1. Sorted by packing (mean other beta-carbon atoms within 10 Å per residue), highest first, where do 129-140, 53-64, 180-191 land?
2. PRE reach from Leu96 (point 7 Å along Cα→Cβ): which of region 38-60 fall under 12 Å by backbone N?
3. Leaving out ligands and nucleic acids, and using a 1.4 Å probe, what accessible area per residue does region 56-160 come to in Å²?
4. Could you calculate the FRET efficiency of Val122 with Ser159 from 1/(1 + (r/R0)^6), where r is the beta carbon distance between them and R0 is 45 Å, rounded to 0.05?
5. Can you give me the distance in nm between label points at Ala103 and Asp77, each placed 7 Å from the Cα along the Cα-to-Cβ direction?
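The values are calculated or read from the model by the stated rules, or taken from the named source; none is laboratory data. Model, not experiment: these values are computed from the prediction. Note: ideal-geometry Cβ built from the backbone for every residue, glycine included; neighbour counts use all protein chains shown. Side chains included, ligands, DNA and RNA excluded: accessible areas come from the protein's heavy atoms. Shrake-Rupley method; radii C 1.70, N 1.55, O 1.52, S 1.80 Å.
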Amino acid sequence: MSKMAEEKVLAAPATGGGIDGALQQSGGDLQASAAAARVRPVETLLRAAPLGLCVAAMAVMLRNSQTNEYGAVSYSDLGGFKYLVYANGLCAAYSLASAFYIAVPRPATLSRSWIVFLLDQVFTYLILAAGAASAELLYLAYNGDKEVTWSEACGVFGSFCRQARTSVAITFGSVACYILLSLISSYRLFSAYDPPQPSLGNKGVEIAAFPR
């Protein structure tokens with residue numbers, strides 16, 4: 001009888017600890033859900049913002065052409081500006097789709113967090129590359145390149161350059177929004193992992209971090 005009593009006494013703290021751990025975990029899940037509910041409207045608006053910016057940049061560039069006594073020039077004559085139009089169109093579509101996706105409450109899973117994170121990274125680099133390529137074209141149009149005897153063109157086609165500059169500036173506004181979205185999705189994803197544990201003993205054995 002005394003042996004059974006000792007086993008009950010030893011088992012009681014373990015059971016209590018398990019209950020406390022479960023309560024702490026459930027409390028943490030509730031806090032995470034409440035935080036996600038507060039952040040969702042802000043993130044939805046932030047994801048919808050690039051939609052208007054991308055459409056505006058694309059519309060300005062699509063109408064960009066000029067004809068005078070020196071000739072004619074259009075955005076379609078330059079590959080960098082055509083890429084800017086395509087990139088803004090793709091990012092506008094993604095902004096609309098991701099805004100709807102985030103606006104609808106759904107259980108947060110690791111796979112969904114990975115998908116949103118990867119897509120945010122792809123479209124951030126896509127629109128950033130488009131803005132950088134177009135900015136380089138504008139630089140050459142305004143300043144030329146003496147090493148390859150390229151003269152500046154904006155003195156002749158000033159209206160075309162001003163409109164292209166407006167489109168590129170709006171595009172970099174979209175880039176800023178996508179960078180913020182990438183930071184948010186990165187935080188959501190990697191906060192689901194526990195930090196690495198310290199090494200055990202003198203052998204330096206590391207314990208891998210697993211999702212919570």
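1. 53-64, 129-140, 180-191
2. Under 12 Å, as judged by backbone N against the label point of Leu96, lie 51-52, 55 of region 38-60.
3. The answer is 57 Å² per residue.
4. Efficiency, from the Cβ-Cβ distance: 0.85.
5. Using points 7 Å along Cα→Cβ, the separation is 4.2 nm.
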